[in-house]
1. For Cα Rg over 2.2 N^0.38 Å, one of (i) 1.13; (ii) 3.21; (iii) 1.58 was computed from the structure I shared and the rest are decoys. Which label?
2. Within the chain, which complete DSSP H helices have Cα atoms spanning at least 20 Å along the helix axis and a mean Kyte-Doolittle hydropathy of -1.0 or higher?
3. For the stretch 1-104, which GluC sites (Glu not before Pro) are both in a DSSP coil and crowded by at most 13 other Cβ atoms within 10 Å?
4. Tell me which trypsin sites (Lys or Arg not before Pro) from the stretch 10-109 have a DSSP coil assignment and no more than 12 other beta carbons within 10 Å of their own.
5. Sort 4, 107 so that the residue with the fewest other Cβ atoms within 10 Å of its own Cβ comes first and the one with the most comes last.
6. Have a look at 40, 53, 30 and report the one farthest towards the positive end of the charge dipole of the chain, computed about the Cα centre with Cβ charges (Lys/Arg +1, Asp/Glu -1).
7. Just subtract the alpha-carbon distance of residue 89 and residue 35 from 0.36 nm times their residue separation and send over the number in nm, one decimal.
Amino acid sequence: MNITIKNVVDTQLARYILSDLSKHKLTVGLLLLNVVAALAVVHWAQLNRQMVIQQDVLLQQRDDIDLRWRHLLLEQRALAEHSRVENIARERLEMDRPTSEQEVVVTLP
């Protein structure tokens, strides 16, 4: 008997809720639309955060690469200095500057 009374009350309550919802279709629709819009805002805010984090990582990588490039340019300049090249030629390759007697001038016809 308790179960049947509960079923009847549940059925009546469901009918009452459905009739009330049908009376306020616009309000329910606007509420659902508001919830969907709020979820969309949360989703786009999260995507925006992820993109900002990725941008920061990429900017850091760019700065690291730029710093490495500057170091390589300095190293290239140091390695290409005339005095250094001349010392290597003299010490490792045993090259000397030719004297004026050793020089040969080639003229093109």
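1. (ii)
2. 2-23, 25-79
3. Answer in residue order: 81, 94, 101, 103.
4. Qualifying residues, ordered by number: 92.
5. By the 10 Å Cβ count, ascending: 107, 4.
6. My answer, from the dipole projection, is 30.
7. Working it through step by step, the gained length comes to 11.6 nm.
Bear in mind that the values in this text are calculations on the coordinates, not laboratory data. Everything quoted here is computed from the prediction, not taken from an experiment. Positions of Cβ are generated from backbone atoms using ideal geometry, with glycine treated the same way; all protein chains shown enter the neighbour counts.
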